[in-house]
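Enquirer: One structure is given below, represented as structure tokens, and several questions about it will come after.
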Amino acid sequence: MKYGVMRVFVEKKPGADIEAARLLADLRENLGMQRLEGLRKAVRYDAEGMSPEEFETACRQVFGEAAVDHVYPETLPMEAGERAVAIEYLPGQYDQRADSAAQCIQLLTQKERPLIRTANIYLLKGKLTQGDMEAFKKYCINPVDSREAAWDKPSTLEQKDPQPADVAVLKGFCALDEAGLRDCHRQLGLSMSLEDLAFCQTYFQSEKREPSLTEIRVIDTYWSDHCRHTTFQTIIEEIGIEEGPYGAVFKNALAAYMALRKQVHGGEKPLCLMDMATINTKALRQAGKLEDLDVSEEINACSIKVEAEILPSGERSGEASETTKVPYLVMFKNETHNHPTEIEPFGGAATCIGGAIRDPLSGRSYVYQAMRVTGCGNPLERIEDTLPGKLPQRTITREAAHGYSSYGNQIGLATGLVDEVYHPGYTAKRMEIGAVVGAAPESHVVRETPAPGDIILLLGGRTGRDGCGGATGSSKSHDEQSIETSGAEVQKGNAPTERKLQRLYRNPDFTRRVKRCNDFGAGGVSVAIGELADSLDIDLDAVPKKYEGLDGTELAISESQERMAVVIDEKDLEAVLALADAENLEATVVARVADHGRMRMTWRGKSIVDLSRAFLNTSGVSQRADAVIAQPAGEDYFKKSPSPETDMA
């Protein structure tokens, strides 16, 4: 029997309503809502796919706790003078509360997982004006991920997405002149340069066909600054040195760098910032002084070899016991999420640490330690002084801290250093850095070159619209409209699923079957799977979805978090599926390694991407620029760095 949607409201009892009390004080102090006399907060749950008896049990055991919660079926009691506002996530955004509730109910009923939708309900009391209410909504609703929710109970929670359109082909693209290309570039909102788009046109002209829209989106993602570091790869043609007291210092440093280039690679590689940053390490390795560096074709995290001293089981460090030396790999990774955290602080900071964890994790190591370094404008600035199109600095710094700690606490990661720099230079763009350290026994890690016939599994979370365009979005310049137009570019983290992946990746029976692995970060399928082998056949119809209605382009570039792509030998498929199932993780065959030198994707049985690997690997047109080494301010620049506190004052 099919039952309709049932609704319940859950509100913390007095004394346990800490969040409501904190928000009340915040609104009075920072938003100036002195007419606000009281504030209550409740969570509204709509559920479908359960019997009334199962729903009643869930109200007591899942939605609410008798000791601290009032549970109100169907209707939330309101006092005289209270005005209500309901806020919910935008459709397609991941709602962890709803997902967790659905999983708990499935454990209770041992049946299919029900559909759950949630909303936060705020009851404001006082002689509030319409302006007060609008100010409250603007303060509490971030249009990037949330909206004001409707009050009527829906007839169903099933998403009735329209059938996605068929494959779109950009007819006439190969014949566009410069003005036409410029117009195409603008209409599609591409992050690649106009020169890159012209380069694409030349490629498709050589193939004597028009590109699909998916192909252009995939190329734009693959060549984005986020994925290919094109800014740091910009070829520097001439370097000038500004006259001043440090001219000789810079001249000598530049000469030393040029000599090192000639020694390491004969000066044949392009002169760029990336070469400057890596030349010393390459020189040390060439001289045989980096014997502990772990070198492989995998580029997920920096990895070094160490001999770890392992204590006997049950004993602690400092006790007089013999230790066993075991070869280990130690991995380091840092992630920056400046743009996502700027426009959606909680999700941006959460997926910053989540993304940092997944890189060493894809190297089959366990992440055990983290560091967070951030930069923010003055969090004490008045709300009315917020720059147009920006969130208040107080909101950014507070919600980002909440997002990072929420993810770290759920996944069980110790963060040893947290440092936030307050400086006016970070008012225009937030700095959010998460760095991690991981380790694994070297014997647990097998790295092999994928061979034709190998299969590629997608492990972990399902795919949704969240994060479509994240890589290209963070590679664009942004303006005051970005907060309203870039919502889909910020992913939602799912720490419990990543925790399951961590458990799976600590099992050597699994890791020793993995030939190569990538985490799903920037670029989604197009990059995470696209980088695994030179020849690939990818079936987008096989990619597990959070909901129906996604088209081929969305499936190809969505950056939904907590997913892994692994290459395994087909003979290991049954064993790997069983190991994933033991951790309650979905595992799906989505691609195969081939030998045709192309990346191919099919959707609805049709080819929507068919690109030469050699073309993709060009990363587009090389950017060129001249550079000038400017004289730093202050004669003691190399002796003392200015402090943020001094600058702030």
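The values are calculated or read from the model by the stated rules, or taken from the named source; none is laboratory data. Because the structure is a prediction, the values reported are computed rather than measured. No Cβ is skipped: glycine too gets one built from the backbone with ideal geometry, and neighbour counts run over all protein chains shown. Each accessible area value is taken on the protein alone, full model and side chains, heavy atoms only, with ligands, DNA and RNA left out. Shrake-Rupley method; radii C 1.70, N 1.55, O 1.52, S 1.80 Å.
Enquirer: Report yes if some residue within the range 3-12 is among the hydrophobic types (A, V, I, L, M, F, W, C), out of contact with any helix residue (DSSP H, G or I) (no Cβ under 6 Å at 6 or more places or on another chain), closer than 22 Å to Asp152 by Cα and not in a strand (DSSP E or B); otherwise report no.
Expert: Yes, there is a match, as at least one residue in the range 3-12 is among the hydrophobic types (A, V, I, L, M, F, W, C), out of contact with any helix residue (DSSP H, G or I) (no Cβ under 6 Å at 6 or more places or on another chain), closer than 22 Å to Asp152 by Cα and not in a strand (DSSP E or B).
Enquirer: Now for a different question. Every residue in the range 36-66 that is small (Gly, Ala, Ser), open to solvent by 50 Å² or more (accessible area, probe 1.4 Å) and in contact (Cβ under 8 Å) with a residue 24 or more places away in the chain, please.
Expert: Kept after step one, since they are small (Gly, Ala, Ser), are these residues of the range 36-66: 38, 42, 47, 49, 51, 58, 64, 66.
Filter once more, keeping what is open to solvent by 50 Å² or more (accessible area, probe 1.4 Å): 49, 66.
Hit for the range 36-66 is Gly49, nothing else.
Enquirer: Still on this structure, I have one more. Give me the residue from the range 141-163 that is open to solvent by less than 40 Å² (accessible area, probe 1.4 Å) and touching a strand residue (DSSP E or B) at 6+ places or on another chain (Cβ under 9 Å) and, out of that set, nearest to Arg22 (Cα to Cα). Break it down stepwise before answering.
Expert: Initial filter on the range 141-163 (open to solvent by less than 40 Å² (accessible area, probe 1.4 Å)): 141-142, 144-146, 149, 154, 156-157.
With the extra rule that they be touching a strand residue (DSSP E or B) at 6+ places or on another chain (Cβ under 9 Å), the set shrinks to 141, 145-146, 149, 154, 156-157.
Values: Ile141: 17, Asp145: 22, Ser146: 21, Ala149: 23, Pro154: 31, Thr156: 35, Leu157: 32 Å.
Checking each candidate, the answer is Ile141.
Enquirer: Then there's this: Conditions: (1) surrounded by 14 or more Cβ atoms within 10 Å (Cβ to Cβ); (2) assigned to a loop (DSSP other than H, G, I, E, B); (3) without any contact (Cβ under 8 Å) to a residue 60 or more places away in the chain; (4) among the acidic types (Asp, Glu). Glu298 meets all but one. Number of the miss?
Expert: So Glu298 meets the others, but not (3).
Enquirer: Hey, could you check the range 114-154 for residues that are hydroxyl-bearing (Ser, Thr, Tyr) and assigned to a strand (DSSP E or B) and say which is modelled with the lowest pLDDT? Working first, answer last.
Expert: Residues of the range 114-154 that are hydroxyl-bearing (Ser, Thr, Tyr), as a first pass: 118, 122, 129, 139, 146.
With the extra rule that they be assigned to a strand (DSSP E or B), the set shrinks to 118, 122, 146.
On the way: Thr118: 97, Tyr122: 97, Ser146: 91.
My answer is Ser146.
Enquirer: Name the residue, out of Leu188, Leu194, Leu170, Leu181, that is hydrophobic (A, V, I, L, M, F, W, C) and touching a His at 6+ places or on another chain (Cβ under 8 Å).
Expert: Working: Leu188 fails: touching a His at 6+ places or on another chain (Cβ under 8 Å); Leu170 fails: touching a His at 6+ places or on another chain (Cβ under 8 Å); Leu181 fails: touching a His at 6+ places or on another chain (Cβ under 8 Å).
The unique qualifying residue is Leu194.
Enquirer: How about the range 555-574: which of its residues are surrounded by fewer than 24 Cβ atoms within 10 Å (Cβ to Cβ) and not aliphatic (A, V, I, L, M)?
Expert: Those that are surrounded by fewer than 24 Cβ atoms within 10 Å (Cβ to Cβ) and not aliphatic (A, V, I, L, M): Asp569, Glu570, Lys571, Asp572, Glu574.
Enquirer: Right, another one. Filter the range 575-617 down to the residues that are polar (S, T, N, Q) and open to solvent by 60 Å² or more (accessible area, probe 1.4 Å), then identify the one that is modelled with the highest pLDDT. It would help to see each step written out before you state the result.
Expert: Start the filter on the range 575-617 by keeping residues that are polar (S, T, N, Q), which leaves 584, 588, 602, 607, 612, 617.
Then drop every residue that is not open to solvent by 60 Å² or more (accessible area, probe 1.4 Å), which leaves 584, 607, 617.
Values: Asn584: 92, Ser607: 95, Asn617: 91.
Only one residue tops the list, namely Ser607.
Enquirer: Looking only at the range 479-491, decide whether some residue is at pLDDT 90 or above and farther than 25 Å from Glu448 by Cβ.
Expert: Our first condition is that a residue be at pLDDT 90 or above; within the range 479-491, this holds for none.
No, there is no match, as no residue in the range 479-491 is at pLDDT 90 or above and farther than 25 Å from Glu448 by Cβ.
Enquirer: Could you check how many residues of the range 392-444 are small (Gly, Ala, Ser) and more than 18 Å from the chain's Cα centre (by Cα)?
Expert: Filtering the range 392-444 down to residues small (Gly, Ala, Ser) leaves 400-401, 403, 405-406, 408, 412, 414, 416, 425, 428, 434-435, 438-440, 443.
Now narrow it down to the ones that are more than 18 Å from the chain's Cα centre (by Cα): 412, 414, 416, 425, 428, 438-440, 443.
Result for the range 392-444: 9.
Enquirer: Can you tell me which residues in the range 305-363 are at pLDDT 90 or above and more than 30 Å from Glu559 (Cα to Cα)?
Expert: Scanning the range 305-363 gives Lys305, Val306, Glu307, Ala308, Lys325, Val326, Pro327, Tyr328.
Enquirer: Name the single residue, out of those in the range 526-550 being at pLDDT 90 or above and touching a Pro at 6+ places or on another chain (Cβ under 8 Å), that is nearest to Gly597 (Cα to Cα).
Expert: This residue is Ser535.
Enquirer: Keeping to the range 114-161, report how many residues are more than 24 Å from Met33 (Cα to Cα) and without any contact (Cβ under 8 Å) to a residue 24 or more places away in the chain. Can you show your working first?
Expert: Narrowing the range 114-161 to residues more than 24 Å from Met33 (Cα to Cα): 114-118, 144-145, 150-161.
Now restrict to residues that are without any contact (Cβ under 8 Å) to a residue 24 or more places away in the chain: 152, 160.
Going through the range 114-161 one residue at a time, the tally reaches 2.
Enquirer: Which of the helices (runs of 4 or more DSSP H) contained wholly in the range 330-427 include at least 1 residues that are of a type outside the set (Asp, Glu), open to solvent by 20 Å² or more (accessible area, probe 1.4 Å) and farther than 30 Å from Lys500 by Cα? Explain how you work it out, then say what you get.
Expert: On the way: elements: 338-343, 345-362, 393-411.
Helices (runs of 4 or more DSSP H) meeting the threshold: 393-411.
Enquirer: Hey, among the residues in the range 82-100 that are within 22 Å of Arg563 (Cβ to Cβ) and touching a helix residue (DSSP H, G or I) at 6+ places or on another chain (Cβ under 9 Å), which one's surrounded by the fewest Cβ atoms within 10 Å (Cβ to Cβ)?
Expert: From the range 82-100, those within 22 Å of Arg563 (Cβ to Cβ) are 89-100; that's our starting set.
Filter once more, so that each one left must be touching a helix residue (DSSP H, G or I) at 6+ places or on another chain (Cβ under 9 Å): 89-90, 92-94, 96, 99-100.
Working: Tyr89: 21, Leu90: 16, Gly92: 23, Gln93: 21, Tyr94: 23, Gln96: 18, Asp99: 19, Ser100: 14.
My answer is Ser100.
Enquirer: I need the full set of residues from the range 57-91 which are farther than 18 Å from Leu124 by Cβ and of a type in the set (Val, Ile, Thr), in order please.
Expert: Thr57, Val62, Val68, Val71, Thr75
Enquirer: Can you name every residue in the range 18-35 that is open to solvent by less than 80 Å² (accessible area, probe 1.4 Å) and not in a helix (DSSP H, G or I)?
Expert: Residues satisfying the conditions are Leu31, Gly32, Met33.
Enquirer: Take the residues in the range 428-444 that are surrounded by 22 or more Cβ atoms within 10 Å (Cβ to Cβ) and in contact with a helix residue (DSSP H, G or I) (Cβ under 7 Å, 6 or more places away or on another chain); name whichever of them is nearest to Val576 (Cα to Cα). Spell out how you get there, then give the answer.
Expert: We begin by selecting, within the range 428-444, every residue surrounded by 22 or more Cβ atoms within 10 Å (Cβ to Cβ); these are 430, 432, 434, 436, 438, 440.
Those left that are additionally in contact with a helix residue (DSSP H, G or I) (Cβ under 7 Å, 6 or more places away or on another chain): 430, 432, 434, 436, 438.
Numbers: Arg430: 41, Glu432: 36, Gly434: 31, Val436: 27, Gly438: 23 Å.
Looking at the filtered set, the residue picked out is Gly438.
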